[in-house]
Every structure is written in structure tokens, then in C-alpha cells.
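Worksheet: one structure, shown below.
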Amino acid sequence: MKSVFAALIVSASLMATSAPASDTRKADFRVGGVSFSIPIPDGYCLPSGKMADIAQLLAAGDTVNTTDLMLARCDGEVLKGANDYTFIKTPSAALLATIDRQTLLTQLGVAFGKTLDTKSWRDTAAKSMSDITGTKIDISGTFAPRGKDDMCGYMAGVLHYDTPGISYDQPIAVCITAVGGRVLSIFRAGTKTDEAGILSLMRETRAIAQTIKSP
């Protein structure tokens, strides 16, 4: 589990309210031979156009995780700076690993109690994105464990991105959980950088995790 946890930390740094309501639309994805489905929240769609390009870029820049699904705002607007989107990812090293949620959360609890080398994973993430884009990207900010409950182990914070064309803060929250015996990480990136915004993103990750079904 140490390698899985390390993968989750690195991937989180690559990601540049109430529980979301959903309509009758669903998205399907597979992880290590297991099928999953999730109702698509109102106002969100599978990425298309420029957002699909961004999704592809972010997935390519994540060298330790497999991107299972991305959902973006249906209006298709790509903001110059922080954006609003959702990723579901699985550590590539754990694609075929079978683990139940209680065991995963117990293991995460041990890891969450340790001091994290945040500079190391930020530098790794920045190099990965710089290599993919051909543009120097620096990443700073805070991103750390925020506790756990019966559904998720949470990580959250605000990452600061410095690029040649723009500097911006990207708030993000992650729910690390297991569904259908597979490790899933639900990433919510938003636009509100205050504590209330971070807590809202954390609640949303849990709400999304609760809607993921495996036959």
C-alpha cells in the first residue's frame, strides 16, 4: 500500500456546496477488468472540444495513475486559470489489486499519520507536466491528508501553478476509496480557494463516490 499511497500523492499534484444532484445520464468505465457506472451530475458532461484536449494532456502528464473517467462542465468553457472538473483515477500499480474499503482506509490511516515530503511530489509533478507540455511549470502550495470517514480517506489543498503565461491557484480535494474491490480516487477541482470551498469539494468527492456502482 505504500506504493499505492505514493502514487495517489503524485497524481493529486497533477490536477490543475452540497452533494451534486444527478440526472438519468450515466457514464461507464472499467478498472482492472471490473465494470463501473456512475450517474453524471447535473451540469457536467464527458469532455469534448478543448476540455477533451486538457483531459488528454492531464492524463498523459500523470505517470503513475490510470485515468478512468473525466467529467467537465457542459458549457465547455475553459477558464484561464483554475477550472471545475472531476477525475476518477486508479494507481497503475494497483489496477489488478483487490482490496476492500475497510482495509484500504486502515492502510491510509497509517500513511496519513506520517509527515509527507510535499516538495518531492510537487517537483515530480511539475517535471512531468513540463516534459509533456514543453513549457516550464512550477508547482507550490499545500496539499495534505484531511482525515477519513467510513467512505473516504481525504486529501485536499490549494496548489499554486506558475507557467510562462499565467500563475493561478487550483483548489482540489480527493476521496480515496475502494469500490468493487478496486482502488478509486475521486478528484474534484474547483474555483473557490477558501476553506469553505475546500470543504465543499471534499463533500462532493464523497457524494460522487457513493454513487459509483459495480455490478
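A few notes on this one:
- Stretched out straight at 0.36 nm per residue, the stretch from residue 144 to residue 75 would grow longer than its current Cα-Cα span by 21.7 nm.
- Those aspartates and glutamates that a straight Cα-Cα span of less than 17 Å connects to residue 50, excepting residues fewer than 8 apart in one chain: 75, 77, 84
- Low-density loop positions, trypsin sites (Lys or Arg not before Pro), the stretch 32-87 - DSSP coil, at most 13 other Cβ in 10 Å: 80
- Projected onto its three principal axes, the C-alpha set of the stretch 135-215 covers 46, 28, 18 Å, listed from the longest axis down.
- Taking N as its residue count, the alpha carbon Rg of the stretch 50-195 over 2.2 N^0.38 Å: 1.06
- Label-to-label distance for residue 135 and residue 120 is 3.0 nm, based on points extended 7 Å past Cα in the beta-carbon direction.
- Computed label-point distance, nm, for sites residue 199 and residue 97 using a 7 Å Cα→Cβ extension: 3.2 nm
- All C-alpha to C-alpha distances of the stretch 161-207, sorted into 10 Å bins beginning at zero, yield P(r) values of 27, 39, 25, 9, 1 percent in whole numbers.
- Sulfur and carbon atoms: percent of accessible area, the stretch 58-215 [1.4 Å]: 52 percent
The values are calculated or read from the model by the stated rules, or taken from the named source; none is laboratory data. Fair warning: this is a prediction, and the values are worked out from it, not measured in the lab. Don't worry about glycine lacking a Cβ; one is built from the backbone with ideal geometry, like all the others, and counts go over all protein chains shown. Keep in mind that these areas ignore ligands, DNA and RNA; they rest on the heavy atoms of the full protein, side chains included. Shrake-Rupley method; radii C 1.70, N 1.55, O 1.52, S 1.80 Å.
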